[in-house]
1. If I ask for residues that are within 16 Å of residue 63 (Cβ to Cβ) and outside any helix (DSSP H, G or I), which ones from region 153-180 would you list?
2. Please work out which residue is farthest from residue 216 (Cα to Cα), limiting yourself to region 242-264 and to residues that are part of a helix (DSSP H, G or I) and under 29 Å from the mean Cα position of the chain (by Cα).
3. Among the residues of region 136-169, which ones are surrounded by fewer than 14 Cβ atoms within 10 Å (Cβ to Cβ), out of contact with any helix residue (DSSP H, G or I) (no Cβ under 7 Å at 6 or more places or on another chain) and under 16 Å from residue 113 (Cβ atoms)?
4. Could you check residue 172 against (1) crowded, with 17+ Cβ neighbours inside 10 Å; (2) closer than 30 Å to residue 16 by Cβ and say which number it fails?
5. What number of residues within region 239-257 satisfy the criterion of being surrounded by 10 or more Cβ atoms within 10 Å (Cβ to Cβ) and more than 23 Å from residue 47 (Cβ to Cβ)?
6. Can you find a residue that is in contact (Cβ under 8 Å) with a residue 12 or more places away in the chain, under 21 Å from the mean Cα position of the chain (by Cα) and in a helix (DSSP H, G or I) anywhere in region 225-241?
């Protein structure tokens, strides 16, 4: 198992699954500039053929409290808030995580607030501990959501529910988040990691080329009409058809066995 450690995140590999752990538990994994830049570097490093699924989680009792308010306050005290690059780094991170070509899963081991919630929303799937809580948080601080929440939330839970969540700043339990469609699955705290690891292993063992093309097509579908989307699906199918995994799937079907996908 590959492992790497830096001051604010930890990285490990288990087969084709790469896990990135937010590691500032003393401040509930609040996102400071160092962590944002470390996460962006970790995403770049994860974009390799060897990584077929990405897992994101937090250390300690919380997943992520959002922006590091203390760092923001220090920037304001120095008169540097207007040029403070946190938002640029956060926006780049959200865009890069959402565009990560392989399947991504976040294990919400605890509370996710504000930009920490937005970080989770940028992943493909969200598994939550039953003790986790969720809050949009921005309006509580006199801000609008500004790390992708206004894009992700309406698409995941519908416009009216997204407005209520953002306007009121109310907290949602894991069970309410599941009922609303904010999270994919809820597990007992001690079962969260095994359930997430099992699902991540399933994704990593899949036909990676086909999963990548499917993820891309779904992400781009809103920008095309149906005829253009069908044409793009044909182009993607040509890419999939040329893959070793598609050939393996066909051979497995003929031989009446389970395919052994290699991810290329």
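The values are calculated or read from the model by the stated rules, or taken from the named source; none is laboratory data. None of these values were measured; they are calculated from a predicted model. Here the Cβ positions follow ideal geometry from the backbone for every residue, glycine too, while neighbour counts run over all protein chains shown.
1. Hits for region 153-180 are 171, 172, 173.
2. My answer is 249.
3. Listed by number, the residues that qualify are 140, 141, 142, 143, 168.
4. Condition (2) is where residue 172 drops out.
5. Residues of region 239-257 surrounded by 10 or more Cβ atoms within 10 Å (Cβ to Cβ): 239-253.
Now drop any that are not more than 23 Å from residue 47 (Cβ to Cβ), which leaves 241, 247-253.
So the answer is 8.
6. Within region 225-241, none of the residues are in contact (Cβ under 8 Å) with a residue 12 or more places away in the chain, under 21 Å from the mean Cα position of the chain (by Cα) and in a helix (DSSP H, G or I).
For (1) more than 19 Å from residue 30 (Cβ to Cβ); (2) surrounded by fewer than 18 Cβ atoms within 10 Å (Cβ to Cβ), each residue gets a yes or a no:
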residue: 57; (1), (2): no, no
residue: 63; (1), (2): no, no
residue: 70; (1), (2): no, yes
residue: 82; (1), (2): yes, yes
residue: 90; (1), (2): no, no
residue: 117; (1), (2): no, no
residue: 122; (1), (2): no, no
residue: 125; (1), (2): yes, no
residue: 134; (1), (2): no, no
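Conditions (1) in the same structural domain as residue 145 (by TED's automatic domain parsing); (2) touching a residue at least 40 places away in the same chain (Cβ under 8 Å); (3) under 24 Å from residue 140 (Cβ atoms); (4) out of contact with any strand residue (DSSP E or B) (no Cβ under 8 Å at 6 or more places or on another chain), marked per residue:
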site	(1), (2), (3), (4)
16	yes, yes, no, no
22	yes, yes, yes, no
28	yes, yes, yes, no
53	yes, yes, no, no
59	yes, yes, no, no
77	yes, no, yes, yes
